[in-house]
Amino acid sequence: MYNEKAYNLGANRSCIRDLFEYGQARAAVVGPENVFDYSLGNPSIPSPPEVNDAIRAILSDTDSLAVHGYTSAVGDLKTRQAIADDLNARYGTAIRPQELFIAGGAAPELCAVFRALTVPGAEFLAIAPFFPEYRPWVEEAGGVLKVVPPDVPNFQIKLDAVEAMLTPNTCAIILNSPNNPAGTVYTADTLKALAQLLTRKSQAYGHPIYIVADEPYRELVYDGVQVPFIPTIYDNTIVCYSYSKSLSLPGERIGYVYVPGAATDSAALYAAIAGAARACGHVCAPSLWQKVIARCAHLRPDLEAYDKNRRALYEGLLEAGYETAKPDGAFYLFVKAPGGDANAFSEKAKKKDLLLVPGDGFGCPGYFRVCYCVSYEQIQKSLPIFRELIREE
């Protein structure tokens, strides 16, 4: 016997992962230089050198039991203090380490937050396009995910659509900015208007509507664009952060949840998140990586290579006749599929070893995602294929 719901999640694999593994198989046949894999958001710039320096120093200078032993379930105090100090220096906040929960990356953080917020009938809103895993995480927690239609072509937030979808059962709205897959950064004006709407509706419903801010791409922005720190705009914000992208550590799984002291029922909410993480077995994030972050929380990525790729691919696709919003952050382009069917277009591209992710799973059919965290040479070699494909439509 087995759980049918869990089986379906395991048997119906992620389209993104399937494409990535297909690309690995094709690379073994035709050579990796002939496969143009834009499927997976895997950072392609090295971690800052201080990260490896910190690892070596910790392993050399710290007692082995302390390096590899348990920390507090909510995270090492020095690590939480270092993160609080960094955030306070950047945003003029007064965050305390007691408001931070250290976890093994954004996925378990979000799962814990969704479980903590879910009461009978709980509804979560996601703004299309959105990261596809939100759906199974919310549904596994016992909630209902409702999708706000996309604001095409700029992919900001359709506030009138949000308002129309809010109900007394709405417990939270999930925001991902910079956005995966569109690269959009929600503006301060948009977020302020959303905060006013949620404040008004919270008062009408008699309970808070939280913003769950999924922010692994916060530092990946270009052209001087600023990413608003949402808790400074709306008190009832829960931040889920991962160092996977900013420090190029996707395989190490380390990040934090921030529950502002000013949030409604903040102490109880923090305890509920910790309890949900406990129930899922997601406590005591890897000790070594907590110690690394304690030394490296202040570091920022060198974005020169990503920005070069962004410009080359964006300009090359526009010149070829594609339609796409200019990404201000992250490392994705979200492109309107010629002919309107992103799945069919992706299959055509796949036959030419060009791997593109259809936007259906992101709640936005008719678009495809391109991850430009690849080599610049790949972009240059793939642009003729993009041009060839659009001419065939």
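Please treat every number below as a calculation from the coordinates, not as lab data. Because the structure is predicted, anything quoted here is derived from the model rather than measured. With ideal geometry, Cβ positions are generated from the backbone for all residues, glycine too; neighbour counts draw on all protein chains shown.
How much FRET efficiency would the formula 1/(1 + (r/R0)^6) give for Lys352 and Thr167, where r is the Cβ-Cβ distance and R0 is 51 Å, rounded to 0.05? Could you put the intermediate results ahead of the total?
Values: r = 46 Å, r/R0 = 0.90.
Taking R0 as 51 Å, the efficiency between Lys352 and Thr167 is 0.65.
What is the extension gain from Ala279 to Tyr7, computed as 0.36 nm multiplied by their sequence separation minus the C-alpha to C-alpha distance, in nm to one decimal?
Values: separation 272, 0.36 × 272 = 97.92 nm, distance 2.05 nm.
Answer, rounded to one decimal: 95.9 nm.
Within 10 Å, at most 13 other Cβ atoms, and a DSSP state outside H, G, I, E, B define an exposed site. Report the longest part of the chain free of exposed chymotrypsin sites (Phe, Trp or Tyr not before Pro).
Details: sites that count: Tyr2, Tyr70.
In the chain, the maximal stretch lacking such sites is 71-393.
For Glu315 and Asn343 in the same chain, what is the full-extension length gain: residue separation times 0.36 nm, less their Cα-Cα distance, in nm? Each step should come with its number before you reach the end.
Numbers: separation 28, 0.36 × 28 = 10.08 nm, distance 2.35 nm.
Between Glu315 and Asn343, full extension yields 7.7 nm more.
Can you bin the range 50-296 into rounded, prolate or oblate? Criterion: square roots of the alpha carbon gyration tensor eigenvalues sorted a ≥ b ≥ c, rounded for a/c under 1.5, prolate for a/b above b/c, oblate for the rest. Please report the intermediate quantities before stating the final value.
Details: a/c = 1.91, a/b = 1.54, b/c = 1.24.
Prolate, because a/c is 1.5 or more and a/b exceeds b/c.
List Met1, Met165 from most exposed to least, where exposure is judged by having the fewest other Cβ atoms within 10 Å. Each step should come with its number before you reach the end.
Details: Met1 3, Met165 16.
The order, fewest Cβ neighbours first, is Met1, Met165.
I'd like to know which of Trp137, Val51, Tyr372 lies farthest towards the positive end of the charge dipole of the chain, counting +1 on Cβ of Lys and Arg and -1 on Cβ of Asp and Glu.
Projecting each Cα onto the dipole axis, the largest value belongs to Trp137.
For the pair Cys15 and Asp302, what calculated FRET efficiency results from E = 1/(1 + (r/R0)^6), where r is the Cβ-Cβ distance and R0 = 35 Å, to the nearest 0.05?
On the way: r = 31 Å, r/R0 = 0.88.
Using R0 = 35 Å, I get an efficiency of 0.70.
How would you rank Cys111, Cys371, Cys15, going from fewest to most other Cβ atoms within 10 Å of each one's own Cβ? Can you show the working numbers first?
Numbers: Cys111 22, Cys371 25, Cys15 16.
Lowest count first: Cys15, Cys111, Cys371.
I want to make sure I understand the PRE zone here: with the label point 7 angstrom from the Cα of Gln24 toward its beta carbon, which residues in the range 42-69 have backbone N atoms less than 19 Å away?
It comes to 42-45, nothing else.
Excluding Pro32 itself, calculate the net charge of residues whose Cβ lies under 12 Å from the Cβ of Pro32, where each Lys or Arg counts +1 and each Asp or Glu counts -1. Numbers along the way, then the final one.
Details: positive: Arg26, Lys381; negative: Glu33, Asp37, Asp353, Glu377.
Its environment carries a net charge of -2.
Are there any helices in the chain, counted as whole DSSP H runs, that stretch 20 Å or more along their axis by Cα and score at least 1.0 on average by Kyte-Doolittle, and if so which?
Working: long enough: 15-30 (22 Å, 0.39); 77-91 (21 Å, -0.76); 188-205 (25 Å, -0.22); 266-280 (21 Å, 1.21); 304-320 (24 Å, -0.98); 376-391 (23 Å, -0.42).
Correct list, ordered by number: 266-280.
Suppose we keep just the DSSP beta bridges with both residues in the chain; what percent of those would be antiparallel, to 5? Working shown, then result.
On the way: 19 of 39 bridges.
Once the DSSP bridges in the chain are tallied, antiparallel ones form about 50 percent.
Mind checking which aspartates and glutamates have their C-alpha under 14 Å from Lys158, skipping anything on the same chain fewer than 8 residues away?
Within the straight-line cut-off, Lys158 pairs with Asp189.
Which of the lysines could a cross-linker span from Lys291 if the Cα-Cα distance has to be under 19 Å and same-chain partners fewer than 8 positions apart are dropped?
Lys78, Lys245
Net charge near Thr71, counting Lys/Arg +1 and Asp/Glu -1 over other residues with Cβ under 12 Å of its Cβ?
Net local charge, Thr71 excluded: +2.
Would you mind computing, in nm to one decimal, how far apart the modelled labels at Glu388 and Arg56 are, each placed 7 Å from Cα along Cα→Cβ?
So the two model labels end up 4.5 nm from each other.
Dipole of the range 100-254, Cα-centred, from +1 at each Lys and Arg C-beta and -1 at each Asp and Glu C-beta, to the nearest 20 debye? The partial results should precede the final answer.
On the way: 10 positive and 15 negative charges, 39 e Å.
For the range 100-254, the charge dipole is close to 180 debye.
Let me check I've understood the local charge: for Asn176, count other residues with C-beta under 10 angstrom from its C-beta, Lys and Arg +1, Asp and Glu -1. What total comes out? Present the calculation step by step, with values, prior to reporting the outcome.
Values: positive: none; negative: Asp214, Glu215.
Residues close to Asn176 contribute a combined charge of -2.
Show which lysines lie in cross-link reach of Lys5 when reach means a straight Cα distance below 29 angstrom and same-chain residues fewer than eight apart are skipped.
Lys146
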